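The values are calculated or read from the model by the stated rules, or taken from the named source; none is laboratory data. Being a predicted model, the structure only gives us computed values, none of them experimental. In this analysis, Cβ positions are derived from the backbone assuming ideal geometry, glycine residues included, and neighbour counts consider all displayed protein chains. Ligands, DNA and RNA are excluded from the accessible area calculation, which covers all protein heavy atoms including side chains. Shrake-Rupley method; radii C 1.70, N 1.55, O 1.52, S 1.80 Å.
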Amino acid sequence: MHIETWFAFFTASFILTMMPGPSILLGMVHSMRYGISKTLFTALGDISANFIQMVIVAVGLGVLISTSEQAFTLIKWFGITTLLYMGIKMIFFSRSKQPQLQKLTDEAIPTYKLYWSGFLVAAGNPKAIVFFTAFFPQFIDPTQSLLSQMAIMCPTMATLDFSWVMFYALLANKSLHFMKAHPQYMNRIGGTALLGAACVLWATQ
């Protein structure tokens, strides 16, 4: 891949990945609840799912999924269900176990749960596959090895995605630090935000 093509891909990806979505929103919620260090695992789960989606696109299955209404709908409902479950759990937790929330610390949740939360939310967004299927070909040179080009573009996209998730998480952690003094409100707001994300996915079916 020529450096000019990579730079164009980097610039376009930089702009596109900065748009807040369910994964960024989840990272912000986790940052406020568990701290920046543990949110790293949320972001890692997100880019792990994205890597799998990129591989699916690379081997050509992305075209099948993006053109199959049944497959697209199935993945989308998986994402909606995941967001609904996480949102309802946060709201229910804030109401039924409010005293325990006052003692919430960075050790309060295993990191693997944050990783899987990030993974499931990202994996449940079929639009990512459609996006990658439509976006990557704009920068692929058919005369060159597809594998070598994808080996450059996939890590570039994943790095940018990870960086933006952590940037928004840090921003939320610093700007909304006062919310930690009132975790019951933080959980209600965070849970409501995740429910809102689920509604947006449902509305765009």
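Taking the conditions exactly as written (modelled with pLDDT of 70 or more and open to solvent by less than 10 Å² (accessible area, probe 1.4 Å)), does L114 satisfy them or not? Before the answer, list the steps.
Details: modelled with pLDDT of 70 or more: yes; open to solvent by less than 10 Å² (accessible area, probe 1.4 Å): yes.
For L114, the condition - modelled with pLDDT of 70 or more and open to solvent by less than 10 Å² (accessible area, probe 1.4 Å) - is met.
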Problem set entry | Residue pairs meeting the criteria (Cβ under 7 Å; at least 6 apart or on separate chains; first open to solvent by 20 Å² or more (accessible area, probe 1.4 Å), in the stretch 120-131; second at pLDDT 70 or above and in a helix (DSSP H, G or I)) | A123/A49; N125/P22
Exercise. Which residue pairs have Cβ atoms closer than 8 Å, lie 6 or more positions apart in sequence or on different chains, and pair a first residue in the stretch 147-170 that is farther than 19 Å from A8 by Cα and of a type in the set (S, T, Y) with a second residue that is modelled with pLDDT under 90 and loosely packed, with under 15 Cβ neighbours inside 10 Å?
Worked result: Y168/P20
Seminar exercise, completed: If we ask which residues in the stretch 125-170 are among the acidic types (D, E) and in a helix (DSSP H, G or I), their number turns out to be 1
For this session: Would you check which residues across the stretch 111-150 are over 14 Å from the mean Cα position of the chain (by Cα) and among the basic types (K, R) and list them?
Result: K113
For this session: Look through S48, S37, S23 and report the one residue that is open to solvent by less than 30 Å² (accessible area, probe 1.4 Å), assigned to a helix (DSSP H, G or I) and modelled with pLDDT of 65 or more.
Result: S23
Seminar exercise, completed: S31 passes all but one of the listed conditions (1) closer than 20 Å to A128 by Cα; (2) more than 11 Å from the chain's Cα centre (by Cα); (3) open to solvent by less than 30 Å² (accessible area, probe 1.4 Å); the exception is number (1)
Exercise. Just wondering, is there one or more residues in the stretch 150-165 that are surrounded by fewer than 17 Cβ atoms within 10 Å (Cβ to Cβ) and modelled with pLDDT under 85?
Worked result: no
